[in-house]
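Trainee: My questions all concern the structure below.
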Amino acid sequence: MATLNSTTSPTPLIPSQVSVLDFFVPGSTGILAAIEPVLDMNSSARPLLLCMLLVFLGRHVCRYIWGAAETHFASTVYVQASSEVYDMVGLWTASQPFAHRARSSLARVGWRRSVVVDEDGMQKKPLYYSPWKGTFYFVYNKHLFWFRSVEEKLGIRTEEVVTVSCFGSPTILKQFFNDCRGAYLKITKNKTTIFEHRNGKWKRTSLKSIRPISTIVIAEEDKQGLLRDIENFLEPKAPIWYTNRGIPHRKGYLLYGPPGTGKSSLCLSLAGRFDLDVYILNISAADGHSLGALFAELPSRCLLLLEDVDAVGVAQPRQGETDITQAKEDATQSRPPSQGKLSLSDILNALDGVSAQEGRLLMMTTNHLDHLDRALIRAGRVDKKIELPNADKDVIFRLFCMIFKKAEGDIPDPKQPAEDDRTVEEFARDFAREVPEREFSPAEIQSYLVEHRGSARVAVEKVQEWMDRTRAERSKMARADSFMEVSRSSVIN
Ligand SMILES: Nc1ncnc2c1ncn2[C@@H]1O[C@H](COP(=O)(O)OP(=O)(O)OP(=O)(O)O)[C@@H](O)[C@H]1O
């Protein structure tokens with residue numbers, strides 16, 4: 001008959017089946033075996049330790065199950081911080097309660113500098129918070145969504161990446177992104193989005209209110225011609241017309257003239273008029289390697305702006321040449337000192353290459369038409385060259401009227417009642433009689449008129465004084481320039 005022997009080994013505290021836990025938490029059976037004597041020694045500690053163990057294991061099991069469910073049943077969209085979609089999601093999340101409750105957020109001034117989510121009515125440097133580093137849950141259209149913000153290493157740089165996930169088909173996720181896009185488009189309506197390049201990628205840098213084309217005072221014939229031309233180019237049937245004839249669907253313009261004649265303003269205004277985003281290629285900051293990728297990333301309908309194209313082709317010194325050699329070459333050809341990193345062939349390849357987008361409108365501006373390489377502005381690359389000269393009598397008259405005539409939405413100043421439109425026109429004629437043609441740029445004239453915007457009469461009365469002052473300043477600047485030129489050539493020689 002079997003007797004109960006007190007020396008036989010006790011029933012194990014943790015049953016052997018527990019080894020199934022190894023499946024979820026590898027090594028857990030070993031840990032349990034190690035602590036078993038402790039549990040046996042002090043029976044009062046047993047329930048406490050068991051609870052802790054269960055909580056610990058429970059967390060691991062839950063994490064495992066969530067991870068498996070996410071991998072097999074969730075849909076996820078990844079968004080890089082450099083993309084415009086990031087701005088769309090950022091704008092949407094900033095207005096959501098979960099973003100305000102987030103215990104870990106990233107604070108920024110403004111919202112990408114221009115779309116300001118001004119929660120507390122702060123006018124200057126409004127602060128904007130976005131959930132940062134962690135997982136944030138929210139409900140969208142009765143679906144559980146989660147938003148994750150992580151930093152990803154891209155070469156030597158780190159970039160923020162946002163993921164948005166939900167269980168089920170990706171359709172609901174796409175609907176969510178469409179809503180974000182809708183909210184973004186509402187904010188950017190009547191604005192022109194400006195992109196510039198940073199580290200070889202386009203980045204939205206600002207949003208500008210659309211400037212009505214009527215406020216750009218240039219020869220009316222040139223303006224109307226441009227508007228007709230661009231309208232024809234952008235009409236929906238145009239791409240097929242071009243393709244059927246084997247002609248690349250691209251258009252290029254060169255605007256040239258002295259500083260302050262409205263070249264950049266005209267480009268931005270045209271972009272606003274035709275609802276095009278503007279991509280500004282900064283010639284002195286771009287390099288040949290990233291240029292192809294930048295061109296490939298351009299959307300099919302956009303305005304590509306290359307300002308001061310005379311900097312192209314007077315780029316880096318060629319191999320074996322020193323900076324001094326380049327400077328000498330610049331000096332002998334009386335062109336401004338080299339600054340850009342782009343060579344002429346870089347830019348020509350990008351403009352004509354396979355990555356060059358169809359449907360893009362190219363606008364180049366320069367103050368020095370005579371410094372441009374003919375290859376850059378040959379027909380096909382540049383379809384039209386438009387001169388924007390200093391102000392003639394007509395431009396002077398129209399600039400005056402634009403500043404002093406009443407405009408829609410103006411708030412009248414009771415202390416300084418504005419002259420009526422007929423009186424303004426009379427003053428404008430007097431003003432245009434006083435100011436010589438082609439001597440002053442529209443920017444100079446506009447700046448003077450704005451200074452006296454309270455009274456058209458005073459603007460006319462003081463015009464002679466202003467012209468004398470401006471001429472004196474110019475000759476002072478010219479003397480300083482020639483002094484610099486002499487010092488530079490003596491250094492080179
Ligand atoms: N033709 C114009 N009509 C209306 N405003 C003008 C005109 N020309 C210049 N301006 C005003 O002058 C300022 C400078 O103009 P803008 O920058 O467009 O000149 P720009 O020709 O591009 O000069 P730069 O060659 O130095 O780049 C702007 O505020 C713009 O409003």
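Trainee: If you plug each phi of the stretch 358-364 into the Karplus form 6.51 cos²θ - 1.76 cosθ + 1.60 with θ = phi - 60°, what whole-Hz ³J(HN,Hα) values come out, in order, with x for Gly and Pro?
Mentor: Values per residue, Gly and Pro as x: 6, x, 8, 9, 9, 10, 10 Hz.
Trainee: If you don't mind, there's one more thing I want to ask. Can you compute the modelled spin-label distance between ASN367 and PHE73, with each label point 7 Å from Cα toward Cβ, in nm?
Mentor: According to this spin-label approximation, the distance is 6.6 nm.
Trainee: Suppose the chain between HIS289 and GLU358 were pulled fully straight at 0.36 nm per residue; how much longer would it get relative to their current alpha carbon spacing?
Mentor: Stretched out fully, the HIS289 to GLU358 stretch lengthens by 22.7 nm.
Trainee: Determine, for ILE218, ILE386, the number of other Cβ atoms within 10 Å of each Cβ, and report the residues in order from fewest to most.
Mentor: Lowest count first: ILE386, ILE218.
Trainee: Taking the Cα-to-Cβ direction at SER209 and at ALA81 and moving 7 Å from each Cα, how far apart do the two end points lie in nm?
Mentor: 3.1 nm
Trainee: Starting with the fewest neighbours, write out MET477, MET467 ranked by other beta-carbon atoms found within 10 Å of each beta-carbon.
Mentor: Listing MET477, MET467 from fewest to most nearby Cβ atoms yields MET477, MET467.
Trainee: Can you list the aspartates and glutamates whose alpha carbon is less than 15 Å from that of LYS393, not counting same-chain residues fewer than 8 positions off?
Mentor: Correct list for LYS393: GLU220, GLU425, GLU426, ASP430, GLU434, GLU437, GLU439, GLU444.
Trainee: Among ASP179, ASP420, what is the fewest-to-most ranking by other Cβ atoms within 10 Å? Intermediate values should be presented prior to the final figure.
Mentor: Numbers: ASP179 14, ASP420 10.
With the sparsest Cβ surroundings first, the list reads ASP420, ASP179.
Trainee: Between LYS415 and ALA219, 0.36 nm times their residue separation minus their Cα-Cα distance comes to what? Each step should come with its number before you reach the end.
Mentor: Values: separation 196, 0.36 × 196 = 70.56 nm, distance 3.58 nm.
That pair, LYS415 and ALA219, stretches by 67.0 nm at full extension.
Trainee: Right, something else. Between VAL491 and LEU50, what is the FRET efficiency for a Förster distance of 60 Å, r being their Cβ-Cβ separation, to the nearest 0.05?
Mentor: After rounding, the FRET efficiency stands at 0.10.
Trainee: Lysine pairs, Cα distance under 23 Å, 8 or more residues apart or cross-chain: how many in the stretch 156-220?
Mentor: Here the count comes out as 9.
Where a number appears in this text, it was derived from the coordinates with a stated rule and is not lab data. Fair warning: this is a prediction, and the values are worked out from it, not measured in the lab. Backbone-built Cβ (ideal geometry, glycine too); neighbour counts: all protein chains shown.
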